[in-house]
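The values are calculated or read from the model by the stated rules, or taken from the named source; none is laboratory data. Since the model is a prediction, treat every value here as computed from it, not as a measurement. Note: ideal-geometry Cβ built from the backbone for every residue, glycine included; neighbour counts use all protein chains shown.
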Amino acid sequence: MAGTSTLRIAWRNLGRNRKRSLLALAAIALGQFVFLAVAALMHGYMYEFHASITGPMIGHAQIHAPGWLDDRSIDLTIDGVTSVLDEVRRDPDVEHVSARIYAPVLTALTEEGFMSFVVGVDPASESHDAGLLPGLDGASLMGEGRVLVGSGFARRYDIETGEELALVGQDVDGSIASGLFTVTEIVSSPVDIVNNLGIVMTLDDAGELFAMYDQAHEIVIHTRDLDFVDETVARLSSLPSLSDLELLQWREVVPQMVIMFDLIDVFLLVVLMIVFVAAVAGIANTMLMATFERKHEFGMLLSLGCGPGRLARMITVEAVILGLMGVAIGTALGFGLLLITQQTGLDYAALGGASDSYEASWKGLHLSSLVYPRLYASDVLAGMIAVFLTSLVSIVWPITRIARLEPMEAMRL
């Protein structure tokens, strides 16, 4: 009964000065809403960014000859690539695995030559959503001298389907590599090396051109669950065919991106601290003013035998009610924003005043100004815990004042 009466009295006291209570509620709700909105936008952006990193260019793990990742030398190859692929595919946690050949070449459409990059792939292994050629039936468009050309590359040099390209480069033995290839399709790939420089051909054609028989420069692995990449890589590293090769998970391939993810976590922590400060300011101000206004009332209650502990519990319940109501309102607003934007997305470019959204590629990453917010239960819980703790912290001063009250002095008008 005592707990029920304390709750009832605390609720009644919050209604004594509704304007002040509403202002405190607004401050807490705004802080929670801002935190959830920023968290949803950052999670959405980082989800797309993460998918781009571990997508077609980087994958979840990579296999190379030692030193190839640093030098990109054409003669640093994975030998016996067919047997390596077969062994890797047997792992139950490996979903996709594909071998690739990369080599710079001089390309001529007419008399004038220009630099380009040959990407040799297995069309069947690159047609999945995270492949270099998502959704494309490359097998019917490539092979036997037929190639695909990146859309940006084709646009820059006025390359059209049906035209013949002369390629000249260097094979693995240092000899001249040359050949004629017919463009069958202009493709738009999520990878900039394909879009802006790429001539995509089958592994067989690339192997024939560069004298790389059953060889490749890179094997890209996509696992079934990104959370278990470390275990999968550890298991694959014990395969005999990989003993002389370099097997790296994506964090080791692009360590600078891992730092970026860590910075995002720090940024969200800073935003949460801002929510903490806003909540403390709102609740502490309300509780402190309520304490001063009710000084005479507290004196009477103390003189009637009500202990300081009971008064402290009443103030605590008021603060917690105020905090939780503010969190509930802020959370509702946050989910409202999520429901509005999760289907249509939110365009950073439009928020910055630009009339059109943009897409950009950089070092194999595909970036867009259109973000689809994502919110996790942990974000809501973090806000609730932060406000609950701030509610307790913010009443320390009012409770201290109450504990020092002398009944007779407090009752004086």
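Out of (1) part of a loop (DSSP other than H, G, I, E, B); (2) surrounded by 22 or more Cβ atoms within 10 Å (Cβ to Cβ), what's the single condition that is false for Glu160?
It fails just one condition, (2).
Please list, ordered by residue number, the helices (runs of 4 or more DSSP H) wholly in the stretch 319-413 having 3 or more residues that are at pLDDT 80 or above and within 26 Å of the chain's Cα centre (by Cα).
377-394
For Tyr45, indicate whether it is out of contact with any Leu (no Cβ under 8 Å at 6 or more places or on another chain), surrounded by fewer than 23 Cβ atoms within 10 Å (Cβ to Cβ), not basic (Lys, Arg) and not assigned by TED's automatic domain parsing to the domain that holds Ile219.
Numbers: out of contact with any Leu (no Cβ under 8 Å at 6 or more places or on another chain): yes; surrounded by fewer than 23 Cβ atoms within 10 Å (Cβ to Cβ): yes; not basic (Lys, Arg): yes; not assigned by TED's automatic domain parsing to the domain that holds Ile219: yes.
Yes, satisfied.
Within the stretch 50-76, restricting attention to residues that are among the β-branched types (Val, Ile, Thr) and under 23 Å from Ile259 (Cα atoms), which residue is modelled with the highest pLDDT?
Residue satisfying both the conditions and the ranking: Ile63.
Looking at the stretch 92-103, is at least one residue within 19 Å of Ser238 (Cβ to Cβ), within 27 Å of the chain's Cα centre (by Cα) and of a type in the set (Asp, Glu)?
To start, the set of residues in the stretch 92-103 that are within 19 Å of Ser238 (Cβ to Cβ) comprises 92-94, 97.
Right, trim to within 27 Å of the chain's Cα centre (by Cα) and you get 92-94, 97.
Still in the running and of a type in the set (Asp, Glu): 93.
The answer is yes; a qualifying residue exists.
Out of Asp75, Asp79, I need the residue that is out of contact with any helix residue (DSSP H, G or I) (no Cβ under 7 Å at 6 or more places or on another chain) and either farther than 13 Å from Ile219 by Cβ or outside the structural domain of Gly162 (by TED's automatic domain parsing) (or both). Which one?
Asp75
Run down Thr291, Thr232 and say which single residue is modelled with pLDDT under 75, assigned to a helix (DSSP H, G or I) and of a type in the set (Ser, Thr, Tyr).
Among Thr291, Thr232, only Thr291 is modelled with pLDDT under 75, assigned to a helix (DSSP H, G or I) and of a type in the set (Ser, Thr, Tyr).
Taking the stretch 171-217 on its own, how many of its residues are in contact with a Phe, Trp or Tyr (Cβ under 9 Å, 6 or more places away or on another chain), buried (at least 21 other Cβ atoms within 10 Å of the Cβ) and among the β-branched types (Val, Ile, Thr)?
2
Take Ile53 and tell me if it is closer than 18 Å to Asp214 by Cα, of a type outside the set (S, T, N, Q) and in contact with a strand residue (DSSP E or B) (Cβ under 8 Å, 6 or more places away or on another chain).
no
If you go through the stretch 180-222 one residue at a time, how many are at pLDDT 90 or above and hydroxyl-bearing (Ser, Thr, Tyr)?
Looking only at that region, the number is 4.
Search the stretch 241-258 for residues being assigned to a helix (DSSP H, G or I) and in contact (Cβ under 8 Å) with a residue 40 or more places away in the chain, and hand back the single one that is surrounded by the most Cβ atoms within 10 Å (Cβ to Cβ).
Here the residue is Trp250.
Mind counting the residues in the stretch 64-98 that are under 14 Å from Ser125 (Cβ atoms) and either of a type in the set (Val, Ile, Thr) or surrounded by fewer than 23 Cβ atoms within 10 Å (Cβ to Cβ) (or both)?
11
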